[in-house]
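Novice: Mind having a look at this structure? Questions to follow.
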Amino acid sequence: MLTISLLRQDAAYVKERLAVRHFAKPEWVDDILALDEKLRKQKLETETMQAEVNSLSKQIGQLMAAGDASGADAKKREVAAIKEALQNGKTSLLELEEAIQQKIMMLPNLPHASVKAGKSADDNEIINTGGVMPELPADAQPHWELIKKYQLIDFETGAKLTGSGFPLYTGQGAKLQRALVSFFLDYNTQAGYREYLPPLMVNDKTAYGTGQLPDKEGQMYFMPEDGLYMIPTAEVPVTNVYSNTIVDADQLPVKMTAYSPCFRREAGSFGSDVRGLNRVHQFDKVEIIQLTVPEKSYDTLEEMVNHVERLLQYLELPYRILRLCGGDMGFTSALTYDFEVYSAAQQKWLEVSSVSNFETFQTNRMKIRYKDEAGKTQLLHSLNGSSLALPRIVAALLENNQRADGIYLPKALHGYFGAPKIG
RNA sequence: GGAGAGGUGCCUGAGUGGCCGAAAGGGCCGGUUUGCUAAACCGUUGUACGGACUUCAAUCUGUACCGAGGGUUCGAAUCCCUCCCUCUCCGCCA
């Protein structure tokens, strides 16, 4: 959520930045400011009345203590005279606060200066590529065939147990998941990230804090009996670890990593884009999260991008890094880099990570703050990225490394997997 | 799930209707003392949102906040209701 003080300070700038996203309702900024104006007036008026009531009440107490009952009664009548106006004032105050909240919540984050307008994924900018494109034999198979061949995942039984998009990993397929998770977590903790294993369901407050609510409500599985949401990413519970706290300066930057299964409803998409592991309802992911002071957050973003890039290099996969354009960025992000790996048999680039700086958009909702050198309480910046999402990594590993006698895994995984190849 | 106890500031903990944003102790920070450290002594110590002043900051001031939300009252940390959480015992259970 944008801060109201930013809108007050520079509405023109806010509108200009929203235009980079093609935000359809720039006039909301003015609506909000008009409401804010009213709110402050109403607040002053109401609080003045309240101050009067408080002072009279104090006097009543003193009069009663002095035994002056009739004096006290006179004051009580004075209070009663103010009471109705005060009640009305409080009510409209709440209404105004509610109205502002409703609207400001619908404003997406402002894109960073480096973000180009752009309309769709086609306008994203490739800023780096790496790795070697594999040369596959003519009879190379897509990963869903390889999965069958080596019995790594049983999609049919997963569908029987739950529904389509819930893979049942089996044998070496299951072991590979475990190997990847361990490798990613070790890699992250060696870089100073503290490991967490979070709850897989969260309440509405938590889902709101990172921006899943109200924007992406339909994407999460919901348990109506208990009012809980299945997490779509570990970002949600882990970032909220620090909600409503003023973080000690000596704890900054906060670096956290977590493995979790991720649950996504992603309704209504069929065809080759969603075959095999390209898109599923439940998948495994390791996430990295940082909370940093505003001055350093873009350095931190670069650091995280480099961190994920090195991980892809360890996996020996061909990759490219994209800077998302305004039209393709998520609601809460100020700047996002996407990582894609090339899945050679499908001949497709698959998104495996998304690293974003949210600036104060999330921390404003969660009230994650620190004290700056001047001792002033300020919002921290939050950042996160996948390191990495497993299914598409697995797809690329299988497709790119297939040979007649098995699938040859990158060296980094040998120890974790307990063997150099599948099959 | 049943029975009971409890949730107060950075921590411990007092406070059953007005003098309570909140005793006391500890911690933290600042100061005095000291060759240095410790001790001792003195002082300071929350957050949010308004307003005044101001370029900003500082300062002053108002309101709210004692788990959350409602209610009673001129007035609530204190009384009532609902919910959440923690602890103890019992039940169930990986």
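The values are calculated or read from the model by the stated rules, or taken from the named source; none is laboratory data. This is a predicted model, so every value here is computed, not measured. Quick reminder, even Gly has a Cβ in these numbers, built from the backbone with ideal geometry, and neighbours come from all protein chains shown. These accessible areas exclude ligands, DNA and RNA; they are computed on the full protein's heavy atoms, side chains included. Shrake-Rupley method; radii C 1.70, N 1.55, O 1.52, S 1.80 Å.
Novice: List the residues, sorted by chain then number, that are 5 or more residues from A:Ala334 or on another chain and whose placed amide H is less than 5 Å from its amide H.
Specialist: The answer is A:Asn357, A:Phe358, A:Glu359.
Novice: Compute the FRET efficiency between A:Glu27 and A:Met223 as 1/(1 + (r/R0)^6), taking r as their Cβ-Cβ distance and R0 = 25 Å, and round to the nearest 0.05.
Specialist: Taking R0 as 25 Å, the efficiency between A:Glu27 and A:Met223 is 0.05.
Novice: Here's something else I'd like to know. Checking the cross-link filter: which lysines have an alpha carbon closer than 16 Å to that of A:Lys371, excluding same-chain neighbours under 8 positions apart?
Specialist: Once the sequence-local lysines are set aside, what remains near A:Lys371 is A:Lys296.
Novice: Helix A:27-65 versus the longest principal axis of chain A: what angle, 0 to 90°, nearest 10, using Cα atoms?
Specialist: Roughly 50 degrees, rounded to the nearest 10.
Novice: When chain A is treated as a GNM, springs tying every alpha-carbon pair under 10 Å, which of A:Arg365, A:Arg265, A:Arg392 comes out with the largest mean-square fluctuation?
Specialist: The residue with the greatest mean-square fluctuation here is A:Arg265.
Novice: For labels at A:Glu52 and A:Lys296 in the simple 7 Å Cα→Cβ model, what's the distance in nm?
Specialist: 5.2
Novice: Give, as a single signed number, the net charge of other residues whose beta carbon lies under 14 Å from the beta carbon of A:Tyr229, with Lys and Arg counted +1 and Asp and Glu -1.
Specialist: Residues near A:Tyr229 contribute -2 overall.
Novice: Additional query: Under the Karplus relation 6.51 cos²θ - 1.76 cosθ + 1.60, θ = phi - 60°, what is the ordered set of whole-Hz ³J(HN,Hα) values for the stretch A:304-321, x standing for Gly and Pro?
Specialist: Once θ is set to phi - 60°, the couplings for the stretch A:304-321 become 5, 4, 4, 4, 5, 4, 4, 4, 5, 5, 4, 7, 6, 9, x, 9, 9, 10 Hz.
Novice: Something else: Could you list which residues have their amide H under 5 Å from that of A:Asn124, counting only those 5 or more apart in sequence or on another chain, with H placed in the peptide plane?
Specialist: Placed amide hydrogens put A:Cys325 under 5 Å from A:Asn124.
Novice: Can you list residues from other chains, or at least 5 along the same chain, whose modelled amide H is less than 5 Å from the amide H of A:Leu388?
Specialist: The answer is A:Val286.
Novice: Using a 10 Å cut-off on Cβ atoms, rank the peptides A:118-125, A:300-307 from the highest mean neighbour count down.
Specialist: Sorting A:118-125, A:300-307 by mean packing, highest first, produces A:300-307, A:118-125.
Novice: Test of understanding: in a Gaussian network model of chain A with alpha carbons linked when under 10 Å, which of A:Lys367, A:Lys348, A:Lys376 would top the mean-square fluctuation ranking?
Specialist: A:Lys376
Novice: Right, another one. Hey, rough spin-label estimate for A:Lys43 and A:Ser114, points 7 angstrom out along Cα→Cβ, what's it come to in nanometres?
Specialist: The answer from the label model is 3.6 nm.
Novice: Can you tell me the order of A:400-408, A:246-254 when each peptide is scored by its average per-residue count of other Cβ atoms within 10 angstrom, highest first?
Specialist: A:400-408, A:246-254
Novice: Among DSSP bridges having both ends in the stretch A:121-422, what percentage is antiparallel? Round to the nearest 5.
Specialist: In the stretch A:121-422, approximately 90 percent of DSSP beta bridges are antiparallel ones.
Novice: Something else about it: Mind putting a number on the dipole of the stretch A:258-409 about its Cα centre? Charges go on the C-beta only, +1 for Lys and Arg and -1 for Asp and Glu, and I need it in Debye to the nearest 20.
Specialist: It comes to approximately 480 debye.
Novice: Let me ask another. Heavy-atom accessible area per residue, chain A, 1.4 Å probe: how many Å²?
Specialist: Averaged over the residues of chain A, the accessible area is 48 Å².
Novice: Whole-Hz Karplus ³J(HN,Hα) for the stretch A:73-88, in order, using 6.51 cos²θ - 1.76 cosθ + 1.60 and θ = phi - 60°, x for Gly and Pro?
Specialist: In residue order, the calculated couplings are 4, 4, 5, 4, 5, 4, 4, 4, 5, 7, 3, 5, 4, 5, 4, 4 Hz.
Novice: Compute the acute angle (0 to 90°) between the alpha-carbon long axis of helix A:390-400 and the principal axis of greatest extent of the alpha-carbon atoms of chain A; round to the nearest 10°.
Specialist: Taking Cα atoms only, the helix is inclined about 20 degrees.
Novice: Leaving out ligands, DNA and RNA, and with a 1.4 Å probe, what % of the accessible surface on chain A is carbon or sulfur?
Specialist: The C+S portion of the solvent-accessible surface of chain A is 50 percent.
Novice: What residue among A:Thr360, A:Ser5, A:Gly163 has its Cα farthest toward the positive end of the dipole of chain A, where the charges are +1 on Lys, Arg and -1 on Asp, Glu, each on the Cβ?
Specialist: A:Gly163
Novice: Roughly how big is chain A's charge dipole about its Cα centre, with Cβ charges of +1 (Lys, Arg) and -1 (Asp, Glu), in debye to the nearest 20?
Specialist: In debye, rounded to 20, chain A gives about 400.
Novice: So, by mean Cβ neighbours within 10 angstrom, what's the order for A:173-181, A:3-11 with the highest one leading?
Specialist: With the highest mean Cβ count within 10 Å placed first, the list reads A:173-181, A:3-11.
Novice: Whole-Hz Karplus ³J(HN,Hα) for the stretch A:362-367, in order, using 6.51 cos²θ - 1.76 cosθ + 1.60 and θ = phi - 60°, x for Gly and Pro?
Specialist: With coefficients 6.51, -1.76 and 1.60, one gets 7, 5, 5, 5, 8, 6 Hz.
Novice: Of the lysine pairs in the stretch A:22-93, how many meet both conditions: Cα atoms under 30 Å apart, and a spacing of 8 or more in sequence or different chains?
Specialist: Step by step, the pairs that qualify in the stretch A:22-93 add up to 23.
Novice: Please give the helix A:171-190 orientation as an angle from the longest Cα principal axis of chain A, in degrees from 0 to 90, rounded to the nearest 10.
Specialist: 50
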